[in-house]
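S.K.: Handing you a structure now.
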Amino acid sequence: MAEPAEPWNTFVEGDNLEVLTWLAGRGESVDLIYIDPPYNTGNDFAYRDDFRDRAENGRGPRASRHQAWLAMMRPRLAAAHAVLRETGAIFVSIDDNEVAHLRLLLDEIFGEENFLAQVVVNLNPKGRQLGRGFATSHEYLLVYARDARATVLEASSADDVDDRDFPHTDPTGRRFRHLPLRNTNKKFNPVTARTLHYPLWGDPETGRVAAAPFTGAVEISPVFGDGTPAVWRWSRPLVEQRPEDLVCRTIKGRLGERVDVFQRDWLHRDTPGGRRKKLRTIWLAEEVGSTDTAVAELKEILGHVFESPKPTGLVRRILGTMPDDAVVLDFFAGSGTTGHAVALANLADGGTRRCLSVNSAEPTREGSNARNAGYATVADITRARLRAVAERLGGGFREERPTGVPDDAPGALS
Ligand SMILES: C[S@@+](CC[C@H](N)C(=O)[O-])C[C@H]1O[C@@H](n2cnc3c(N)ncnc32)[C@H](O)[C@@H]1O
């Protein structure tokens, strides 16, 4: 495969605050940020010593630990906000230790009105068996738009459409499901949507529906389950245009049998872009992978050299919410999962996403698998994985230094 003009993967080693400031200075901007910062579990936070003095405020060690973590995150998220395009979005992985503090911090920096979701991610399906109490089996993803009105993020996925959700088949073999034509959201009613409250005519024997009376038809007005007036989802002209996509049926409601109108909602797999399903706010390990599958993925490419990588499936689902030419940034890159996921996504759909990964030269632990395998720093692990990804999957790899001078050092593939 020919290498793209701009490599899919670029790596910058350094403290991410400095790198973000450097990027902003160069006028760089990105569409999508995914980060998985240290969770502040008490042993993963390298900043405690630097920030402890500033953060001690007489409220005890736990409060000061949160303060230290927030003091580390605040300028980095502010710098991230500065490089995120108006149409962009940020996804942040976090667990129970800091989720409450992080959500307030993101509200402060991105604006509460730009909050999109707090997703529960079931990354440890067996549940944590160590220690007392609950076997925690999930963590979170906090999702914010740079501007919720302008974002191009689509909270849906093409992978998740389940044929079983479309139980009916027409004589030509096309699958469909019945959706009530009545708007089931009580916010929409004859007061708030006057023009959508009008009578239709239908024959439950033949299923035929029309906007005007016909022989054998009964008049049907939209009502909620409790009998109060409701509105249709379609305007009268739309009903007149597409009567064959509507069907009249007798159903058992709360108040007994009644005649109602349903839309035949087709499963169009072959339309451009395909059918997409709205993403729920609980993501299961069987859909996005687990910490165990992430360790296995990394083991297969570099060995067991990083304790808690994320599965590429999780990042691929995130990538799927943005256009396939998105410029992606991960400034807590760790083992380089985001860059790996970008290459896999580009290969799968022909996209031209590019990813900038940043990690500091945090030393690996003496005696750890990583150190024994010859990786002196986490940055060494990040670059090794991204290089291996480029060798195996293509797309190129480049390393840059914050001076802006591209690194043509040995091993750079582009
Ligand atoms: C939880 S890990 C990320 C794991 C990653 N998502 C993966 O799948 O491998 C957080 C990473 O952030 C890095 N890190 C922490 N502070 C940093 C900083 N100030 N600048 C750059 N990297 C930092 C750590 O070295 C660590 O690799």
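The values are calculated or read from the model by the stated rules, or taken from the named source; none is laboratory data. Fair warning: this is a prediction, and the values are worked out from it, not measured in the lab. Don't worry about glycine lacking a Cβ; one is built from the backbone with ideal geometry, like all the others, and counts go over all protein chains shown.
S.K.: Here are the criteria: (1) assigned to a loop (DSSP other than H, G, I, E, B); (2) over 24 Å from Leu123 (Cα atoms); (3) more than 16 Å from the ligand (Cβ to nearest atom). Tell me which single one Thr321 does not satisfy.
M.R.: Of everything listed in (1) assigned to a loop (DSSP other than H, G, I, E, B); (2) over 24 Å from Leu123 (Cα atoms); (3) more than 16 Å from the ligand (Cβ to nearest atom), Thr321 misses just condition (2).
S.K.: Looking at the range 281-298 only, could you name the residues that are part of a helix (DSSP H, G or I) and of a type in the set (A, V, I, L, M)?
M.R.: Ala285, Val288, Ala294, Val295, Ala296, Leu298
S.K.: Only one residue in Asp15, Asp50 is surrounded by fewer than 22 Cβ atoms within 10 Å (Cβ to Cβ) and either modelled with pLDDT under 95 or farther than 27 Å from Tyr144 by Cα (or both). Which one?
M.R.: Asp50
S.K.: Could I ask something else about it? Could you tell me whether any residue of the range 350-362 is assigned to a helix (DSSP H, G or I), touching a strand residue (DSSP E or B) at 6+ places or on another chain (Cβ under 9 Å) and surrounded by fewer than 22 Cβ atoms within 10 Å (Cβ to Cβ)?
M.R.: No.
S.K.: Residues to consider are Pro213, Pro190, Pro171; find the one that is in a loop (DSSP other than H, G, I, E, B), touching a His at 6+ places or on another chain (Cβ under 6 Å), not assigned by TED's automatic domain parsing to the domain that holds Asp349 and not aliphatic (A, V, I, L, M).
M.R.: Within the list Pro213, Pro190, Pro171, the selection yields Pro190.
S.K.: Condition first: under 25 Å from the mean Cα position of the chain (by Cα) and hydroxyl-bearing (Ser, Thr, Tyr). Now tell me which residues in the range 138-176 satisfy that.
M.R.: Across the range 138-176, the qualifying residues are Tyr140, Tyr144, Thr151, Ser156, Ser157.
S.K.: Which residues, taken from the range 324-342, are surrounded by fewer than 24 Cβ atoms within 10 Å (Cβ to Cβ) and outside any loop (DSSP other than H, G, I, E, B)?
M.R.: Selection gives Val327 alone.
S.K.: Could you say whether any residue in the range 300-307 is in contact with a Leu (Cβ under 6 Å, 6 or more places away or on another chain), over 30 Å from Ser156 (Cα atoms), β-branched (Val, Ile, Thr) and buried (at least 20 other Cβ atoms within 10 Å of the Cβ)?
M.R.: no
S.K.: On the given criteria, is Thr184 among the hydroxyl-bearing types (Ser, Thr, Tyr), modelled with pLDDT under 95 and assigned to a loop (DSSP other than H, G, I, E, B)?
M.R.: yes
S.K.: Name the residue that is farthest from the ligand (Cβ to nearest atom), counting only residues in the range 324-350 that are without any contact (Cβ under 8 Å) to a residue 40 or more places away in the chain and within 14 Å of Leu393 (Cα to Cα).
M.R.: If we take residues in the range 324-350 being without any contact (Cβ under 8 Å) to a residue 40 or more places away in the chain and within 14 Å of Leu393 (Cα to Cα), then Gly350 is farthest from the ligand (Cβ to nearest atom).
S.K.: In addition: Give the residue, chosen from Gly394, Gly374, Gly367, that is under 19 Å from Thr352 (Cα atoms), surrounded by fewer than 19 Cβ atoms within 10 Å (Cβ to Cβ) and modelled with pLDDT of 95 or more.
M.R.: Gly394
S.K.: Of the residues Arg398, Arg383, Arg354, Arg392, which is within 13 Å of the ligand (Cβ to nearest atom), farther than 26 Å from Glu139 by Cβ and either touching a residue at least 40 places away in the same chain (Cβ under 8 Å) or hydroxyl-bearing (Ser, Thr, Tyr) (or both)?
M.R.: Criteria check complete, one pass: Arg383.
S.K.: Going residue by residue through the range 140-147, is there one that turns out to be in a strand (DSSP E or B) and touching a Gly at 6+ places or on another chain (Cβ under 9 Å)?
M.R.: yes
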